[in-house]
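Heads up: the structure comes next, in structure tokens.
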Amino acid sequence: MSRSSQWYSGTDRNAYIHRAWMRRGLPSDAFDGRPHIAIANTASDLTPCNMHLDEVAEHVKRGVWEAGGVPLNLPVVSLGETQVRPTAMLWRNMAAMAVEEMLRANPIDGVVLLGGCDKTIPALLMAAASVDLPAVVVPGGPMLTGHFRGVPLGCGTDVWKLSEEVRAGTLSQAEFLRSESSMIRSKGHCNTMGTASTMGLLAEVLGMTLPGLAGTPAPDSRLLEGAHATGALAVEMVASGRRPSTVLTRGSFLNAIVALAALGGSTNAVVHLLAIAGRLGVDLHQDDFDRTGSGVPLLVDLQPAGRFLMEDLYRAGGLHAVLREVRDLLDPHARTVTGRPLVDYLAGARIHDPAVIRTHDRPLRQDAGIAILYGDLAPDGAVIKPAAASAHLLRHRGPALVFDSIEDLRARLDDPDLDVTADSVLILRGCGPKGYPGMPEVANLPLPAKLLAQGVRDMVRICDGRMSGTAYGTVVLHVAPEAASGGPLARVRTGDMIILDVPNRRLDVDVPAAELAAREPSPAAVKAFARPARGWQRLYVETVQQANTGADLDFLIGSSGDHISRESH
Ligand code: FES
């Protein structure tokens, strides 16, 4: 008996109630064993990147009906990256938990997951993994390219660049504000290779989308065509019993790590992929990103590491053209939601614009994947993306300039008397999962105004928070353990010599180990960690794990399946 039939079939009072309240126009055979497909829909007027998903949902519905299923719109918690405070990451696990519970609690046989903005696809995948019902993603797609003064604007990336130009005095405030209305040209998520683009594409590499769909721009009619086909596929998946646990294997996660490097994707993918894997018990470690990904060449010339934007990637051949170049590195057995391996779909892929997508033999950069550093300052690891860093800073020794919070940074950074040079190492702590709380995207801390005025455009920066996928620079992030949970970052003092050695994967402080251990953690860094009195933030701070395992809540790791044992009345 199908899952929905457990609610609807039979002649008893409970089945009567379940059917009767759902009729409201459904066809009379809707409860005769037809698959019921939820559309977990993150459309929201307060998640601007996902505003168009109601239209996408309508096309998913058509496909579900056509294939004999019953589509059911299920609005779920949505997270607008630019809108929610203090940081969308604080709510990723809440969204995942709420979606998981609603998928399990309702009479559905499968689910189509509609996401787009940064945290939405990770949260949906975490939830689907823990329920393990047949599930397939429709990525909402990137927006079209906007232009300002005749040149393309990259969402996010160009905000950072233009605002630094204002601080450096090379762009007027008025010109800066004029660029605002050009930045967001259409529906869709950010068009750089930021977190939303990365996670949409990686959802496909993981095998969780209709092959060929990820990266389709949001206004492109082919997105709606793909949504229609996905609806039909979801019905077929229920019949075939293909679930996340049959698609999301270690091989598919390693494929995602290879793709992450070749695409020049966001560092946020590290915590998201680790968290999704944790829901399935897949053996994935932070070090896998370095072992599997660091030697992969960068093939895509997209901002923030390069020049182009997502619309260019799509016309240049898209994700499949990129994957074809690294086909030898992909697990040939990793399957997709169609039941066929990912690599089966790559044979016909072509590069149509070699300026956007490079061949394996002529990459933009060799060894482009994420590197994982360990050392005195990061006993449990830290992340750096060498492809977004300045080559001359990958080996660096310089004095620490420590900030205990983002407020401390803002108060002092532009002080003309700040004791800082281009060799200084800027450290921002108190920004980890517990400390902020929620691990915000602040690791790409701005440079001091007086150095900007001198022409300095990059410095070594270290933080226990995250960095926007649209940001760039020589930034060491996700330092674990974070300062607020007693990590050595809390014991560093301004003036200590910091040693960054990316080729040897080290991050150290030139202070004798015994002296560092004997130091009291900075009271200001510890004070930043206040235990919230109640609500989600209390639960989050008490149970969130560190970045090196995905920053999930300890009791959400793993899965509970789709079984629900009790009737509702
Ligand atoms: Fe939504 Fe960038 S703000 S994807």
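The values are calculated or read from the model by the stated rules, or taken from the named source; none is laboratory data. On a predicted model such as this, the values are computed, not experimentally measured, just so you know. When we count neighbours, we look across all protein chains shown, and the Cβ atoms used for this are built from the backbone with ideal geometry, even at glycine. All accessible areas refer to the heavy atoms of the entire protein, side chains included, with ligands and DNA or RNA removed. Shrake-Rupley method; radii C 1.70, N 1.55, O 1.52, S 1.80 Å.
Would you tally the residues in segment 451-467 being on the phi < 0 side of the Ramachandran plot and part of a loop (DSSP other than H, G, I, E, B)?
Residues in segment 451-467 being on the phi < 0 side of the Ramachandran plot and part of a loop (DSSP other than H, G, I, E, B): 9 in total.
Tell me the residue from Ser44, Ser9, Ser28 that is among the hydroxyl-bearing types (Ser, Thr, Tyr) and under 36 Å from the mean Cα position of the chain (by Cα), please.
Values: Ser9 fails: under 36 Å from the mean Cα position of the chain (by Cα); Ser28 fails: under 36 Å from the mean Cα position of the chain (by Cα).
Sole residue among the options that is among the hydroxyl-bearing types (Ser, Thr, Tyr) and under 36 Å from the mean Cα position of the chain (by Cα): Ser44.
Scan Leu329, Leu346 and give me the residue that is open to solvent by 50 Å² or more (accessible area, probe 1.4 Å), of a type in the set (A, V, I, L, M) and in contact with a helix residue (DSSP H, G or I) (Cβ under 6 Å, 6 or more places away or on another chain).
Working: Leu346 fails: open to solvent by 50 Å² or more (accessible area, probe 1.4 Å).
Checking each option against the conditions leaves just Leu329.
Are there any strands (runs of 3 or more DSSP E) wholly within segment 47-158 with 1 or more residues that are within 16 Å of the ligand (Cβ to nearest atom) and touching a helix residue (DSSP H, G or I) at 6+ places or on another chain (Cβ under 7 Å), and if so which? Steps first, answer last, please.
On the way: elements: 70-75, 110-115, 135-139, 146-148, 151-153.
Fully inside segment 47-158 and qualifying: 110-115, 135-139, 146-148, 151-153.
When residues of segment 479-535 are filtered for being touching a strand residue (DSSP E or B) at 6+ places or on another chain (Cβ under 9 Å), assigned to a loop (DSSP other than H, G, I, E, B) and not hydrophobic (A, V, I, L, M, F, W, C), how many remain? Can you show your working first?
Narrowing segment 479-535 to residues touching a strand residue (DSSP E or B) at 6+ places or on another chain (Cβ under 9 Å): 479-481, 487-489, 491-511, 516, 522, 525.
Still in the running and assigned to a loop (DSSP other than H, G, I, E, B): 479-481, 487, 492-496, 502-505, 510-511, 522.
So of that shortlist, the ones also not hydrophobic (A, V, I, L, M, F, W, C) come out as 481, 487, 493-496, 503-505, 510, 522.
Number satisfying all stated conditions: 11.
Before we move on, is His360 open to solvent by 50 Å² or more (accessible area, probe 1.4 Å), in contact with a Leu (Cβ under 8 Å, 6 or more places away or on another chain), over 16 Å from Thr494 (Cα atoms) and in contact (Cβ under 8 Å) with a residue 24 or more places away in the chain? Steps first, answer last, please.
Numbers: open to solvent by 50 Å² or more (accessible area, probe 1.4 Å): yes; in contact with a Leu (Cβ under 8 Å, 6 or more places away or on another chain): yes; over 16 Å from Thr494 (Cα atoms): yes; in contact (Cβ under 8 Å) with a residue 24 or more places away in the chain: yes.
When the stated conditions are applied, His360 passes them.
Name every residue in segment 164-204 that is open to solvent by 30 Å² or more (accessible area, probe 1.4 Å), hydrophobic (A, V, I, L, M, F, W, C) and away from the ligand (no atom under 11 Å from the Cβ), in order of residue number.
Scanning segment 164-204 gives Val166, Ala174, Phe176, Leu177.
Taking into account only those residues within segment 256-281 that are open to solvent by 10 Å² or more (accessible area, probe 1.4 Å) and not aliphatic (A, V, I, L, M), which is farthest from Leu90 (Cα to Cα)?
Residue satisfying both the conditions and the ranking: Gly281.
Read through the list (1) free of Cβ contacts under 8 Å to residues at least 60 places away in the same chain; (2) within 24 Å of Asp554 (Cα to Cα), then give the number of the only condition that Gly278 fails.
(1)
Failed condition for Thr209, given (1) hydroxyl-bearing (Ser, Thr, Tyr); (2) crowded, with 24+ Cβ neighbours inside 10 Å; (3) within 14 Å of the ligand (Cβ to nearest atom), with all others met?
It is condition (3) that Thr209 fails.
When the residues of segment 164-185 are filtered to those that are touching a residue at least 60 places away in the same chain (Cβ under 8 Å) and of a type outside the set (Asp, Glu), which remaining residue is nearest to Gln454 (Cα to Cα)? Steps first, answer last, please.
Taking segment 164-185 first, the residues touching a residue at least 60 places away in the same chain (Cβ under 8 Å) are 164, 167-169, 184.
This time we only want the ones that are of a type outside the set (Asp, Glu), so: 167-169, 184.
Values: Arg167: 12, Ala168: 8, Gly169: 11, Ile184: 32 Å.
Looking at the filtered set, the residue picked out is Ala168.
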